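The values are calculated or read from the model by the stated rules, or taken from the named source; none is laboratory data. It should be emphasised that the depicted structure is a prediction, and the values quoted were computed from it without experimental measurement. Heads up, the Cβs are rebuilt from the backbone with ideal geometry, glycines too, and the neighbour counts pull from every protein chain shown.
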Amino acid sequence: MEGKIPEFGRFAEPSLLILVSLSDGPKHGYAIMQDVEQGTGRPMGAGTLYAALARLEEQGLIEPLPPEDRRRPYRLTAVGASNLAEQLRGLSEFAQMGLRQLGKT
Amino acid sequence: MTSFLIRFYPARWRARYGDEFEAILEERPLGPFDLADILLGALDAQLRLHGRMSDIQQGKGFSMSLRVGGFAAIFGGAIFALSIVVGIGIVGNVEPVVPGILLVTGSLALLVALVGLSAFQARVHPVLSWAAVAIAAAGTIVGIVGIVGLQLVAEDYWIAFILGILGALVGSTLFAIATYRTAALSRGAALLLGVCSVLTIAAGQGGNILGPVPLVVTSIGFALGWFVLGIHAVRLERPASDPRPA
């Protein structure tokens, strides 16, 4: 699929969820976990969260902010926002195609 | 419990994420799902770090290959050209064995250069690149046989000496073509090397008619081609952050 984050493997979906969570402003790890659980109804483990965060940071899609106490917030970079928009457009087209096909059957 | 779990992560990962990760784990009680997830995350971090170290080692190996190949090209091109100039007898009182020693030394160095500098070319033009190395290697072996034969047996071994020169020149020509096509190193130098290698072979054929001048000129061009390619390879190898003179 166009816009899918390269080389993220099984962390592609958690990475997308993190990017969506950060799209309305910076958040620290625990807030991201709560946001994802609220949005999807499924919990995201801390191990998965940080495996995805490390990849996103390495690719320059998110960036860390100065820590507040022991919590470090992350925010979306311009590249990350662009990548997220591209992924969401791709998913939207895919969903529309699926719905059209369902309508035909 | 949390500090015990974090110990499964690599030290470099802990130095970067350890504090905030521990703070998250302290936010809520850990269930079996969390334990499994953290252990899988630690395994992933270990594997990623190991993979990155392998990439660094591979990169270092490639840099070393370029550096060695570059210096071998500079040295080998000059010595090989010198062996031709000395071999045609325009230098004066030189022991008959000297051109042969120069030829074998230069050929061996050029073989190292061909192997060291062919990494890019071999991906795009594997046949050309392998043929260049194989022909140069065969030429070097024949050249060594020639120089040993000349010393120990008879003058009939001159043919081996000539074949040694031809092997290095043909190998250099093929390498020059592959390099020019891929633009992996300076295309101008590759063109110079290729043209001068062919002209050296041609000038060697017509040596009796044209005299030594064309052979000397093409040999210098041959050495210059290898010199520029060698310099280019060594400069490619230099890290971008290295300070350069103003």
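Residues that are out of contact with any Gly (no Cβ under 8 Å at 6 or more places or on another chain) and at the interface with chain B (Cβ under 9 Å from one of its Cβ atoms) were ranked within the range A:39-56; the one that is farthest from B:ASP19 (Cα to Cα) is A:PRO43. Of the residues making up the range A:63-79, just one is crowded, with 23+ Cβ neighbours inside 10 Å and either out of contact with any Pro (no Cβ under 7 Å at 6 or more places or on another chain) or away from chain B (no Cβ under 13 Å) (or both), namely A:LEU76.
Can you report the number of residues in the range A:47-105 which are charged (D, E, K, R), without any contact (Cβ under 8 Å) to a residue 24 or more places away in the chain and part of a helix (DSSP H, G or I)? Show your work before the answer.
First, the residues of the range A:47-105 that are charged (D, E, K, R): A:55, A:57-58, A:63, A:68-72, A:75, A:86, A:89, A:93, A:100, A:104.
Among the residues that remain, those that are also without any contact (Cβ under 8 Å) to a residue 24 or more places away in the chain are: A:57-58, A:63, A:69-70, A:93, A:100, A:104.
Now narrow it down to the ones that are part of a helix (DSSP H, G or I): A:57-58, A:93, A:100, A:104.
So the answer is 5.
Name the residues in the range A:2-17 that are at pLDDT 90 or above and either away from chain B (no Cβ under 11 Å) or surrounded by fewer than 21 Cβ atoms within 10 Å (Cβ to Cβ) (or both), would you?
Going residue by residue through the range A:2-17, those that are at pLDDT 90 or above are A:14-17.
Hits for the range A:2-17 are A:SER15, A:LEU16, A:LEU17.
Suppose the filter is away from chain A (no Cβ under 11 Å) and closer than 17 Å to A:PRO67 by Cα; does B:ALA11 pass it? Criteria not met by B:ALA11.
When A:VAL36, A:VAL20 are screened for being away from chain B (no Cβ under 14 Å) and over 14 Å from B:TYR17 (Cα atoms), only A:VAL20 passes. Can you tell me which residue in the range A:23-33 is surrounded by the fewest Cβ atoms within 10 Å (Cβ to Cβ), limited to those that are away from chain B (no Cβ under 13 Å) and in contact with a strand residue (DSSP E or B) (Cβ under 8 Å, 6 or more places away or on another chain)? The extreme case among them is A:GLY25.
Considering only the range B:20-31, state which residues are modelled with pLDDT of 85 or more and within 22 Å of A:PHE11 (Cβ to Cβ). Please lay out each step first, then the result.
So in the range B:20-31, the residues modelled with pLDDT of 85 or more come out as B:20-26.
B:GLU20, B:PHE21, B:GLU22, B:ALA23, B:ILE24, B:LEU25, listed by residue number.
Looking only at residues of the range B:32-48 that are facing another protein chain (nearest Cβ under 10 Å) and either modelled with pLDDT under 80 or within 38 Å of the chain's Cα centre (by Cα) (or both), we find that the one that is surrounded by the fewest Cβ atoms within 10 Å (Cβ to Cβ) is B:LEU43.
For the range A:80-97, the condition holds for at least one residue, the condition being that it is more than 14 Å from chain B (Cβ to nearest Cβ) and in contact with a strand residue (DSSP E or B) (Cβ under 6 Å, 6 or more places away or on another chain).
Among the residues making up the range B:166-199, those that are at pLDDT below 85 and assigned to a helix (DSSP H, G or I) are B:ARG181, B:THR182.
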